[in-house]
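As structure tokens, the structure follows; a few thoughts come after it.
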Amino acid sequence: MKHIKKDFFVCLKNENGFSFLELMVVVVILGILATYVAPKFMGRADDARSVKAKVDIAAIETSLKIYRLDNGHYPTTEQGLLALVEKPTTEPVPSNWSEKGYFAKQRVPKDPWGREYLYLSPGVHDEYDVISYGADGAPGGDGKNKDINSWEIE
């Protein structure tokens, strides 16, 4: 037993940590890796927001189609997408509006950038248009600022 204790303490005394130079080499290597890897992941957030906007617009379109099946028409531009969660009181008042609304969560989603989706009925491109103006919130743009439009979603 005495021999085990002696070896244990000798081992502790002889152990040296990493030198400052070794730690700096590791930090530099991690920095170089982060320089090349991080930008590839940073662009993914913008891609994910665009995909979410497309999924949201597809869900809105499904809700609009069910609304039309129930009531014979789409909500007007003035009634907006709010007509999918609250029964409109302006003309044309829906005759067979679902008491549960047309969204499971009883709220119209906002686009991934926190803004309302633009809804036009009748639309310029279809019976209705649903639009997110992308990251910049302004019409047009490229990349992360590109508009996501209902008539362009496949």
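Yes or no, residue by residue, for (1) within 20 Å of the chain's Cα centre (by Cα); (2) surrounded by 19 or more Cβ atoms within 10 Å (Cβ to Cβ):
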{"site": "60", "(1), (2)": "yes, yes"}
{"site": "69", "(1), (2)": "no, no"}
{"site": "89", "(1), (2)": "no, no"}
{"site": "98", "(1), (2)": "no, no"}
{"site": "108", "(1), (2)": "yes, yes"}
{"site": "116", "(1), (2)": "yes, no"}
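Exactly one of (1) among the small types (Gly, Ala, Ser); (2) surrounded by fewer than 17 Cβ atoms within 10 Å (Cβ to Cβ); (3) within 15 Å of the chain's Cα centre (by Cα) is unmet by residue 135. Its number?
Failed condition: (2).
Evaluate the stretch 124-147: report whether one residue or more is of a type in the set (S, T, N, Q), under 21 Å from residue 71 (Cβ atoms) and touching a Leu at 6+ places or on another chain (Cβ under 9 Å).
no
I'd like the residue in the stretch 99-154 that is in a strand (DSSP E or B) and of a type in the set (S, T, N, Q) and, out of all such residues, is farthest from residue 83 (Cα to Cα).
Within the stretch 99-154, the match that is farthest from residue 83 (Cα to Cα) is 149.
Residue-by-condition table, conditions (1) of a type in the set (Ser, Thr, Tyr); (2) surrounded by 15 or more Cβ atoms within 10 Å (Cβ to Cβ); (3) modelled with pLDDT under 95:
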position	(1), (2), (3)
7	no, no, yes
21	no, no, yes
31	no, no, yes
34	no, no, yes
41	no, no, yes
47	no, no, yes
52	no, yes, yes
76	yes, yes, no
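So which residues in the stretch 79-95 are in a loop (DSSP other than H, G, I, E, B), of a type outside the set (Val, Ile, Thr) and within 15 Å of residue 108 (Cα to Cα)?
Listed by number, the residues that qualify are 79, 80, 86, 87, 88.
The values are calculated or read from the model by the stated rules, or taken from the named source; none is laboratory data. Just so it is clear, the structure is predicted and the values come from calculations on it, not from any experiment. Cβ coordinates were reconstructed from backbone atoms using ideal geometry, including for glycine residues, and neighbour counts include every protein chain displayed.
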